[in-house]
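S.K.: One structure, pasted below without further comment.
Only the coordinates and a few stated rules stand behind these numbers; no lab work does. These numbers were taken from a predicted model, which means no experiment stands behind them. Because the Cβ atoms are built from the backbone with ideal geometry, glycine has one as well, and the counts that use them run over all protein chains shown.
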Amino acid sequence: MMTMTIAVSADVAARAKDERDLSVLRLACRGEKYPDIGRVFGKGGTFAQVLVGRIRDADLRESGEAAGTVIAAYPMKRAHHG
């Protein structure tokens with residue numbers, strides 16, 4: 001039973017991280033500035049930009065779609081302040 005509890009806990013933690021990552025991506029796609037997004041999640045100024053880049057790169061590797069199509073769906077880089 002202990003193994004099952006650990007596996008379920010890991011699944012819950014992974015799900016929570018995935019939900020956080022999707023929230024970051026949604027905010028970025030809405031046009032929020034990356035440093036502002038980072039602050040919402042108690043992280044540093046580059047947290048959201050790095051995370052969105054990692055999500056985009058995974059999407060490019062795994063989606064099978066043309067790179068231009070994938071990239072067009074992601075927010076452009078925005079100023080770090082302003």
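S.K.: Between K17 and A66, what's the calculated FRET efficiency when r is the beta-carbon distance and R0 is 30 Å? Round to 0.05.
M.R.: For K17 and A66, the calculated efficiency is 0.55.
S.K.: Moving on. Compute the relative contact order of the range 13-72 as a whole-number percentage, counting only Cα pairs closer than 8 Å that sit 6 or more residues apart in sequence.
M.R.: 23
S.K.: Right, another one. So how far apart, in nm, are the two label points at R26 and V40 if each is 7 Å from Cα heading toward Cβ?
M.R.: It works out to 0.9 nm between the two label points.
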